[in-house]
1. Multiply the residue separation of Q24 and D79 by 0.36 nm, subtract the distance between their alpha-carbon atoms, and state the gained length in nm to one decimal.
2. Measure off 7 Å from each Cα along the Cα-to-Cβ vector at N68 and L115, then give the distance between these two points in nanometres to one decimal.
3. Efficiency by 1/(1 + (r/R0)^6): what FRET value for E59 and A31, r their Cβ-Cβ distance, R0 = 22 Å, to the nearest 0.05?
4. Quick one: how many Å² of E59 are accessible to a 1.4 Å probe, rounded to 10?
Amino acid sequence: MNVFFDVDYTLISDDGSLRPHVKQVFTQIKAAGHKLYIWSGVGIRWEVVRRHSLEGFIETCYLKPLSNYRDALIELGVDVMPDFAVDDHAGVIMAFGGVVVRPYYTPKPDDKEMLRVFEALTAYKKT
Ligand SMILES: [Mg+2]
């Protein structure tokens, strides 16, 4: 499946720090044979990917639609279909399927939200 992660408050906090367990869950998702993409409504976020050394995990970065989700894909140049999205906003998840995560606003070393993502992906695949 094509797994799409949002950036702000999903992968990073307001100060740009990486959420706990992101690399762990990216490793699991890749090992299970899925493809990882990163998208954001505010830009193509290679600087975040590089700052946290995530290049090896992801296929590419895209702009994320903020409304008319499915129709906007072509407009924004998203040329693969998102099968499973991970986002702190429910709108994207309602459009493409996936899991809503609790927003990661401030750094929190004991945050375990990412650990739910792989379980949710595995469960989703079965349905
Ligand atoms: Mg977000």
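The values are calculated or read from the model by the stated rules, or taken from the named source; none is laboratory data. All figures in this text were calculated on a predicted structure; none of them were measured in a lab. Using ideal geometry, Cβ is built from the backbone for each residue, glycine included, and neighbour counts are taken over all protein chains shown. When the accessible area is computed, the model is the full protein with side chains, heavy atoms only, and any ligands, DNA or RNA have been set aside. Shrake-Rupley method; radii C 1.70, N 1.55, O 1.52, S 1.80 Å.
1. Computed gain between Q24 and D79 is 17.1 nm.
2. In this crude spin-label approximation the distance works out to 4.2 nm.
3. Efficiency at R0 = 22 Å is approximately 0.90.
4. 80
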